[in-house]
Structures are given as C-alpha cells and as structure tokens.
Amino acid sequence: MCGIVGYVGFREAAGVLLEGLRRLEYRGYDSAGVAVKVNGRLEVVKKAGKLQVLAESLKERALPGTLGVGHTRWATHGAPNDPNAHPHSSEDGRLAVIHNGIIENYLPLKEGLLQRGHVFASETDSEVLAHLIEEKYQGNLYQAVRLALQEAHGAYGLVVAHQDSEEIVVARTVSPLVIGLGEGENFVASDVPALLPYTRRVIFLHDGDMAAIGKEGVRLTDLKGNPVQREVVEVDWSLEDSEKGGYPHYMLKEIYEQPWVLENTLGGRLREESATAELGLKLDPARYDKVHVIACGSAYYAGWVGKYLIEALARVPVEVEVASEYRYRDPVADQKTLAIVISQSGETIDSLEAIREAARKGAGTLGIINAKGSSITREVDDTLYIHAGPEIGVASTKAYTAMIAAMSLVAVWMGRAKGRLQDQPAAEFTAELRKLPRLVEEALEERPEIARIALKYHQASDYLFLGRHIQAPTAYEGALKLKEISYIHAEAYPAGEMKHGPIALIDEHLPVVVLTTESPLYEKTVSNIQEVRARGGRVIALATKGDSEAKKFAQDVIYVPRTHPLLAPIVSAVPLQLLAYETAVCLGRDVDQPRNLAKSVTVE
Ligand code: F6R
C-alpha cells in the first residue's frame with residue numbers, strides 16, 4: 001500500500017516524482033508529498049487529498065533540485081491530513097523520511113524520543129523513524145538508517161534523504177521496494193509502473209536489504225552492512241500497458257484487455273495433442289493428496305472457483321481459505337499438501353504469511369501470481385505467472401479471470417498427472433479453454449444492455465447476488481465488485497441458501513442478480529428465482545445465449561456465450577464487472593480509486 005518514488009540524477013526531481021506517483025496513485029490516495037534537495041536544503045511540500053492537490057501547490061512553488069523522494073499515502077496510523085502526510089522531517093529539517101508499512105514498536109520508541117526532548121509533528125508511526133535516524137546521524141546517512149533499523153521493528157519500505165547526502169538510502173522488510181537503474185540517474189519505487197517511463201532494468205529488494213542510491217551507482221547490503229548481490233531483472237511491461245490507452249478509466253481498459261490476457265495465461269501452456277497443460281513447474285502434482293488454496297478478496301473467489309475445478313478434474317480434495325484466517329489457525333498441512341497461494345500483486349501480507357505457514361508445515365507451495373519478482377514469488381517452490389500485465393484499477397478484473405484460467409490449467413495438470421482425467425473429457429475441456437479469449441470478447445458485446453440495466457437500478461440501496469455450485473463464487477465476486485466501486489451494499493449467497501435467511505430481505509426494491517448459466521443445477525436455480533419473484537423481488541438473470549426461458553422468469557436478462565459449465569465463471573465475471581462499472585459511472589463514483597481502498601495490501 002502507499003506509493004513511493006525516489007530519484008537521484010540529472011532531471012528535475014519534482015517532475016519525476018509527480019509522474020511516478022501518478023502511476024502509483026492506485027496504491028493509496030488520501031494524501032501525498034515530496035521532499036526535494038534545493039540548494040543544499042530539503043524542501044518539503046505535502047498535502048491531504050489526491051495527488052492533484054499536491055500537483056497544484058507545486059505549480060506555485062518551484063523545486064529545481066535533482067534529488068528527491070515522494071509518497072502517496074493510504075492511512076494506517078493517523079487521519080489523512082497535512083501533518084500526517086509523508087515525507088516526515090527530523091526536527092532540524094535536515095532529513096526526510098518516507099515509510100510504507102507499520103513500525104510495531106513505535107509507541108515505546110516514541111516515548112523514549114519524547115523523554116529525550118523530541119517534539120512530534122504528526123500522529124504517525126513513521127515519524128519515529130525520522131527522529132531516530134536524526135539521533136543516529138553523525139555525517140553518514142547510510143549508517144544512521146542502519147542503526148535506527150536495529151531498534152525499529154515491523155514492516156517497512158523506507159526511503160530517506162538528507163540535505164548533506166548525495167545518495168538516497170532505502171531499506172526493505174515486508175513492504176516492497178524496487179530500484180530502477182538508469183544512466184547517470186537511478187530510481188526507487190514501491191512498484192514497477194513508476195519506473196517505466198525511464199527504465200526497465202530493475203532490482204527487486206529482498207527482505208532485510210538496504211541500498212544507498214546515488215546518480216552513478218547503487219550499493220546493496222544487508223542490515224548488518226554486508227554486501228549483497230541481487231539479480232538485475234529486465235521487466236517486459238511496456239509504458240502503454242500501464243496507461244489508459246484512450247479509455248476513461250483503467251478499470252474499463254482492463255475489462256477490455258481480458259481476451260488477450262486469457263490468451264497470455266493459457267497460450268503456450270495447453271497441449272492439444274495430448275490434451276494436457278504443460279506448466280514448466282518443478283513440483284510433481286502426483287505427490288499431493290490434498291490442496292489448500294490461500295488468498296484474499298477477489299483472488300480468494302478465484303481460488304474458490306479453483307476448488308470446483310480441481311475437485312472435478314483431478315478428484316483431489318481442496319480447502320479454500322482467506323489468508324488472514326489460515327495463517328492463525330494452525331492448519332492441518334503436511335508433505336502431501338499442495339498449498340496454492342493466489343495473488344495479483346504478490347505482495348499481500350496475509351497471503352505471504354499464510355503461505356509461509358503452509359511451507360513451515362512441509363507443504364509444497366505454488367504461487368499463482370501476476371507481478372513478476374514480487375515477494376510471494378520468492379517464497380514459494382514454484383510460480384505460475386498469470387501474465388495479465390499491470391492491473392492499475394483498484395478493483396481487480398483481468399487478474400481475476402486470468403487467475404481462474406490459471407487454476408483451470410492446474411486442475412488439468414493435476415488430473416492428468418494423477419491419471420484421473422481421461423483423454424476424452426480432457427480433450428473437451430482443453431478445447432473449451434482454448435476458446436475462452438473469443439468467448440470473453442463475445443461477452444463484452446453485451447455492454448450496451450448492461451449499461452441500460454445499470455441505469456435502471458443504480459438508485460437501489462442494496463443488491464443480492466445468487467449462484468450455485470461453481471457459480472456461487474461468481475456471485476460473491478459480482479457483489480464485491482459492485483460494493484467496492486459503487487458503494488451500493490451488496491450481498492451474495494449460494495442460491496440454495498437464500499431460503500435459510502436472506503429471503504427476508506426480498507421486496508420490490510431489491511434487485512437480485514441470479515447466475516442461471518447452463519449447468520446440471522439449472523432447474524434448481526430457476527426454482528430459487530421463482531421464490532424471489534413470488535416475493536416481489538426484481539430479477540436480473542445471467543443466462544446462456546439461446547436460453548429462451550430466461551426472459552419468462554426474469555425482468556432483465558444478460559446473455560453470456562455458451563462454454564463448458566466449469567468455465568462459466570470466466571465468461572460470467574465479465575458482465576458482472578461491467579455492471580459494477582456502469583453503475584459506479586451512473587453514480588459519479590471514482591471508479592479507479594474508490595474510497596478507503598488501496599491496490600496492494602501490505603499491512604495486516
Ligand atoms: C477486489 C480486489 C481485492 C484483491 C485482494 C487481494 O477487487 O482487488 O479484493 O483481490 O486485496 O489482492 P492480491 O491479489 O494482490 O493478493
């Protein structure tokens with residue numbers, strides 16, 4: 001969470017920082033600030049509100065230096081106001097600190113600093129670092145940061161500038177930092193998109209790494225000061241990938257990218273001749289007799305779909321759990337367990353800790369991840385990248401469907417290796433997988449009808465989403481998308497559960513989205529719809545093209561292309577993303593940066 005950018009070089013730092021922060025604003029957007037070294041002094045400007053507020057005030061105050069640090073914040077400790085915005089300065093104003101994460105022992109540290117006469121300007125945990133580093137400073141910024149970090153515990157992506165130093169000093173534990181390498185200039189950021197206008201050569205810092213970044217070079221050490229070597233990675237994301245490309249919002253662009261993303265996820269991995277999936281993994285799927293899937297939010301719903309896929313195709317029992325629960329409940333995992341962690345960012349702290357827990361118990365670990373080089377990819381035995389490109393919209397869309405596609409591949413891979421998925425069904429399923437990019441393109445064509453439905457119901461105060469079997473997680477994902485970006489309260493239930501309680505909510509004001517795509521449970525879902533209609537509820541059915549019955553039992557119908565019933569969640573997710581999007585647009589919401597959220601959640 002939070003965006004960080006640091007720059008040392010020959011360009012005007014303020015411009016580089018603002019441009020980088022703009023590309024990271026999805027990581028946090030309740031306040032923003034920069035510190036730039038101008039004529040040997042650090043000038044700090046920071047403002048509550050979106051980055052634009054900071055940009056406006058920088059128009060009135062030129063900062064012509066070539067070394068600087070910048071931040072966009074997602075508040076943890078202290079309200080989003082000017083004093084709590086980063087950077088935080090030492091009392092003498094000679095150093096400025098930017099920090100992502102949480103300093104867990106900040107209260108005792110602060111108490112000690114207060115007793116020693118320090119005066120604090122904010123309510124944040126981060127400010128203790130500025131005071132602590134100031135205390136340790138004796139002419140060498142790197143040493144001062146290193147000594148301070150021997151006392152501060154917790155999570156940090158830390159970036160420090162000092163008016164007497166030609167280098168920026170950075171350190172990482174838990175919260176990600178990536179260094180960008182240039183010619184006569186170097187960069188640091190919390191995520192790759194900030195670096196793309198300048199360089200694609202990057203170094204992902206590992207936990208416990210520190211670095212001194214100057215314009216001509218970068219020195220890497222551990223927290224004890226021992227030199228460390230890290231690989232220089234060439235990232236393959238283009239600048240265009242991280243821009244809106246003519247769409248009004250990143251979210252819409254990313255929804256429309258799904259056909260090629262699915263091509264990327266699946267392409268090259270499906271072997272039609274042998275009706276199998278070649279994943280290039282070291283793990284041997286035949287070794288495991290149960291699977292644990294661990295994830296958060298949308299990734300969790302993708303994992304829940306994955307449970308149905310793996311159980312159906314590989315006949316291996318699967319447990320799916322939100323990572324924040326898994327990590328604390330002493331799960332029953334062992335060498336025969338394959339633990340799969342699913343994460344777009346690869347940085348979600350709960351998911352990272354949960355997979356560590358599974359590994360401690362001896363489980364084999366597989367990451368289904370989008371962001372290359374991210375923390376989780378370094379912890380797991382193997383990674384299956386989903387290749388969705390940068391996802392900037394805070395609400396996950398293309399990563400979600402790509403995760404399900406990746407789980408489909410895993411199901412085939414396990415099913416074939418265990419001899420439980422026979423040639424004929426394997427051939428049918430992989431042939432359907434191959435068609436997905438085209439089918440998703442077809443699903444996108446329903447947008448005008450979805451926009452009409454969104455307009456019709458956008459003033460509803462609540463929504464209910466229902467689905468059965470493999471479409472139950474789709475219902476939950478549809479509800480999550482809607483509430484995240486439109487702020488309309490939405491609940492989801494497995495359709496058969498409705499009569500056990502939520503049916504009491506149904507009246508003529510409640511739109512109920514029901515997933516009635518072709519499946520062996522179609523008739524049962526239709527019965528659930530009749531129960532809604534009998535109580536005056538307004539039904540929006542998501543039905544398979546060619547289903548002429550749907551219009552008889554639903555006021556509104558959104559059609560999706562026919563596919564294998566196990567792949568219906570992918571084609572069905574698309575209209576639900578569009579429904580949420582169009583509803584949020586009708587309500588004038590900030591689609592890409594909904595309130596209170598941040599893209600990668602690196603705090604517990
Ligand atoms: C919802 C959404 C979140 C994420 C969750 C996990 O639209 O984006 O629920 O799915 O925070 O994030 P990752 O996949 O980065 O671990």
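The values are calculated or read from the model by the stated rules, or taken from the named source; none is laboratory data. The shown structure was predicted, so the numbers you read here are calculated from the model rather than taken from an experiment. Please note: Cβ atoms are built from the backbone with ideal geometry, for glycine as well, and neighbour counts cover all protein chains shown. Keep in mind that these areas ignore ligands, DNA and RNA; they rest on the heavy atoms of the full protein, side chains included. Shrake-Rupley method; radii C 1.70, N 1.55, O 1.52, S 1.80 Å.
May I ask you to list the residues in the stretch 315-329 that are over 22 Å from residue 400 (Cα atoms) and open to solvent by less than 10 Å² (accessible area, probe 1.4 Å)?
We begin by selecting, within the stretch 315-329, every residue over 22 Å from residue 400 (Cα atoms); these are 315-317, 327-329.
Matches in the stretch 315-329: 316 only.
Residue 95 meets each of the listed conditions (1) farther than 29 Å from residue 374 by Cα; (2) at pLDDT below 95; (3) open to solvent by less than 10 Å² (accessible area, probe 1.4 Å) apart from (2).
What residue, among those in the stretch 330-360 that are in a helix (DSSP H, G or I) and among the basic types (Lys, Arg), is surrounded by the fewest Cβ atoms within 10 Å (Cβ to Cβ)? So the residue we want is 360. Taken over the stretch 290-311, the residue count meeting the criterion of being away from the ligand (no atom under 13 Å from the Cβ), assigned to a helix (DSSP H, G or I) and open to solvent by less than 10 Å² (accessible area, probe 1.4 Å) is 4. The set of residues in the stretch 504-526 that are surrounded by fewer than 14 Cβ atoms within 10 Å (Cβ to Cβ) and not charged (D, E, K, R) comprises 504, 520. Summed over the stretch 330-339, the residues that are hydrophobic (A, V, I, L, M, F, W, C) and either within 13 Å of the ligand (Cβ to nearest atom) or over 14 Å from residue 293 (Cα atoms) (or both) give a count of 0. Restricting attention to the stretch 217-242, the residues that are out of contact with any Asp or Glu (no Cβ under 9 Å at 6 or more places or on another chain) and open to solvent by 60 Å² or more (accessible area, probe 1.4 Å) total 9. When residue 434 is tested against (1) modelled with pLDDT of 95 or more; (2) more than 16 Å from the ligand (Cβ to nearest atom); (3) farther than 21 Å from residue 558 by Cα, just one condition goes unmet, and that condition is (1). Residue pairs whose Cβ atoms lie under 7 Å apart, sitting 6 or more positions apart in sequence or on different chains, and linking a residue in the stretch 338-360 that is over 14 Å from residue 299 (Cβ atoms) to a partner that is among the aromatic types (Phe, Trp, Tyr), are 338/288; 357/326. Residues in the stretch 414-440 that are free of Cβ contacts under 8 Å to residues at least 12 places away in the same chain and not in a helix (DSSP H, G or I): 419, 422. Residues that are open to solvent by 10 Å² or more (accessible area, probe 1.4 Å) and of a type in the set (Lys, Arg) were ranked within the stretch 361-401; the one that is nearest to the ligand (Cβ to nearest atom) is 372.
Residue-by-condition table, conditions (1) within 16 Å of the ligand (Cβ to nearest atom); (2) open to solvent by less than 10 Å² (accessible area, probe 1.4 Å); (3) out of contact with any Lys or Arg (no Cβ under 9 Å at 6 or more places or on another chain); (4) not β-branched (Val, Ile, Thr):
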{"site": "534", "(1), (2), (3), (4)": "no, no, yes, yes"}
{"site": "539", "(1), (2), (3), (4)": "no, yes, no, no"}
{"site": "550", "(1), (2), (3), (4)": "no, yes, yes, yes"}
{"site": "553", "(1), (2), (3), (4)": "no, no, no, yes"}
{"site": "556", "(1), (2), (3), (4)": "no, yes, no, yes"}
{"site": "561", "(1), (2), (3), (4)": "no, yes, no, yes"}
{"site": "566", "(1), (2), (3), (4)": "no, no, yes, yes"}
{"site": "578", "(1), (2), (3), (4)": "yes, yes, no, yes"}
{"site": "593", "(1), (2), (3), (4)": "yes, no, no, yes"}
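What do you reckon, is residue 411 away from the ligand (no atom under 16 Å from the Cβ), open to solvent by less than 10 Å² (accessible area, probe 1.4 Å) and not in a loop (DSSP other than H, G, I, E, B)? Yes; evaluated as a whole, the condition is true for this residue. For the subset of the stretch 251-289 comprising residues that are among the β-branched types (Val, Ile, Thr) and more than 14 Å from the ligand (Cβ to nearest atom), which member is most open to solvent (accessible area, probe 1.4 Å)? Here the answer is 276.
Listed here are the residues, each with its yes/no results for (1) touching a Gly at 6+ places or on another chain (Cβ under 9 Å); (2) more than 26 Å from residue 458 (Cβ to Cβ).
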{"residue": "525", "(1), (2)": "yes, no"}
{"residue": "533", "(1), (2)": "no, no"}
{"residue": "546", "(1), (2)": "no, yes"}
{"residue": "574", "(1), (2)": "no, no"}
{"residue": "578", "(1), (2)": "no, no"}
{"residue": "582", "(1), (2)": "no, no"}
{"residue": "591", "(1), (2)": "yes, no"}
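Is it the case that the stretch 315-329 has a residue that's assigned to a loop (DSSP other than H, G, I, E, B), within 16 Å of the ligand (Cβ to nearest atom) and in the same structural domain as residue 417 (by TED's automatic domain parsing)? Yes. Taken over the stretch 447-474, the residue count meeting the criterion of being touching a helix residue (DSSP H, G or I) at 6+ places or on another chain (Cβ under 8 Å) and closer than 17 Å to residue 574 by Cβ is 11. Taking the stretch 120-154 as the range and being open to solvent by 40 Å² or more (accessible area, probe 1.4 Å) and hydroxyl-bearing (Ser, Thr, Tyr) as the test, only 137 passes.
Kindly evaluate residue 456 against the criterion of being open to solvent by 10 Å² or more (accessible area, probe 1.4 Å) and either more than 27 Å from the chain's Cα centre (by Cα) or among the aliphatic types (A, V, I, L, M) (or both). When the stated conditions are applied, residue 456 passes them. The numbered conditions (1) out of contact with any Asp or Glu (no Cβ under 9 Å at 6 or more places or on another chain); (2) within 25 Å of residue 206 (Cβ to Cβ) are all true for residue 114 except (2).
Would a scan of the stretch 7-28 turn up a residue that is assigned to a strand (DSSP E or B) and either in contact with a Leu (Cβ under 6 Å, 6 or more places away or on another chain) or open to solvent by less than 10 Å² (accessible area, probe 1.4 Å) (or both)? Quick ask: steps written out before the conclusion?
First, pick out the residues of the stretch 7-28 that are assigned to a strand (DSSP E or B): 7-8.
Among the residues that remain, those that are also either in contact with a Leu (Cβ under 6 Å, 6 or more places away or on another chain) or open to solvent by less than 10 Å² (accessible area, probe 1.4 Å) (or both) are: 7-8.
Yes.
Does residue 447 satisfy the condition of being open to solvent by 60 Å² or more (accessible area, probe 1.4 Å) and closer than 24 Å to residue 403 by Cα?
Values: open to solvent by 60 Å² or more (accessible area, probe 1.4 Å): yes; closer than 24 Å to residue 403 by Cα: yes.
It is true that residue 447 is open to solvent by 60 Å² or more (accessible area, probe 1.4 Å) and closer than 24 Å to residue 403 by Cα.
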